Amino acid sequence: MDKLVIGMLFPFHQDLQTFIDLSNENPISIVWTPYMESNELRSSRGLNSGKNINNIPEPDISQETFEKWITCDALVGLDLPSQPKERFPKLKWFQGVGAGYDHIDSATLKEMEVIQANARGISSVAMAEFVFARLLQVWKHLRTLDIQQTDKIWTAKFGTQAAGKTIGIVGLGTIGREVATRAKAFGMEILATRRSSLPGDSDPDTNRLFPYDQLDQMLPLCDVVVVSAPASEETKDLFDDEMFQQMKPGAIFCNVARGSLVVEESLAKALHEGQVGAAILDVTREEPLPSESPLWTVPNLYLSPHCSVSLDNYQEDAAKIVSINAKRLLSGQRLTNIIE
């Protein structure tokens, strides 16, 4: 490729020098056309293979932006606008700035023969830290202690230790591996499933590795189950009534993957019955979570609005990924983090 025109949809405002150097030192032109969809639209797309079938309002797009988009060979963004065939006729590469891509219309990109890549690993450390912040909150009764401070109650509430407990990681990808690293530091037994694992396989970051189809054999052994597997047709509704019943009674369930992996009614039932001792959800099926959702008031549920990522180094790391892949595309090399 002689020259590359990149449409920058993600509104970078940090580490812009990376992009200045990228365009000055390479035959690259960057057109800045910020495009960010609402959480509601992004959530809906995630449940519908990247399509906006619910006709949720999309950001307004000016004629000037349309004219810039049709010149783009590449896009960098968190979101992909609808009708990519018409809006990006020259597109050869779509670079996501997040690890998740369930909200991207990957099928259409494949039809267009567009190389799709994500930012796998960009948030793994921060998300693993978040998992353990929440787990310690549960085990050490920090929520209760905070309430007691507010109410001026001086009553000891002793917690339990992480050391010696067994953690089960559903999806030993970059996030799951960072969780495993921290679990090891806490002295925990580490079990995990990985989609590509075969019976008898092992992994240096785990005490025992299970094939994906043996998840039901791993769950009864775990004091805490952390879900970090990607959203797909295979993982949709993975945790339902049957799966929660397979868990050790009173175990903690934690989902930092995607809401589509969990049947929320089944989780609520398991919490009410005490089958699940506590649940940590950073993601829900519908985001923002509707005010009428029963999840707001389910006992022992620790809810957060999809914010386990930390932003302090996010844009810098994303810019590096974009720079590396842009240079690879120009030189005819294989891009990193390609979604097959």
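FYI, it's all coordinate maths here, none of it is from the lab. Note that this is a predicted model, so its numbers are computed, not measured. Please note: Cβ atoms are built from the backbone with ideal geometry, for glycine as well, and neighbour counts cover all protein chains shown.
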Legend entry - Selected residue [free of Cβ contacts under 8 Å to residues at least 12 places away in the same chain, outside any loop (DSSP other than H, G, I, E, B) and of a type in the set (Lys, Arg)] from Arg328, Arg334: Arg328
Inset, instruction - May I ask you to list the residues in region 220-237 that are out of contact with any Cys (no Cβ under 8 Å at 6 or more places or on another chain) and either part of a strand (DSSP E or B) or surrounded by 20 or more Cβ atoms within 10 Å (Cβ to Cβ) (or both)? - result: Cys222, Asp223, Ser228, Ala229, Pro230, Ala231, Thr235
Legend entry - Which numbered condition Glu67 fails, given (1) farther than 19 Å from Pro34 by Cα; (2) outside any loop (DSSP other than H, G, I, E, B): (1)
Inset, instruction - For region 86-93, state whether one or more residues are within 20 Å of the chain's Cα centre (by Cα) and either surrounded by 13 or more Cβ atoms within 10 Å (Cβ to Cβ) or in contact (Cβ under 8 Å) with a residue 12 or more places away in the chain (or both). - result: no
Inset, instruction - For region 189-197, state whether one or more residues are surrounded by fewer than 15 Cβ atoms within 10 Å (Cβ to Cβ) and outside any loop (DSSP other than H, G, I, E, B). - result: no
Inset, instruction - Return the total of residues in region 286-302 being out of contact with any strand residue (DSSP E or B) (no Cβ under 7 Å at 6 or more places or on another chain) and in contact (Cβ under 8 Å) with a residue 60 or more places away in the chain. - result: 3
Legend entry - Selected residue (only one of Gln149, Gln217, Gln161 is in contact with a Phe, Trp or Tyr (Cβ under 8 Å, 6 or more places away or on another chain) and part of a helix (DSSP H, G or I)): Gln217
Inset, instruction - Would you check if there is a residue in region 59-68 being closer than 27 Å to Ile324 by Cβ, surrounded by fewer than 19 Cβ atoms within 10 Å (Cβ to Cβ), touching a residue at least 60 places away in the same chain (Cβ under 8 Å) and not β-branched (Val, Ile, Thr)? - result: yes
Legend entry - In region 226-255, the residues that are of a type in the set (A, V, I, L, M) and over 26 Å from Ser44 (Cα atoms): Met247, Ala251, Ile252
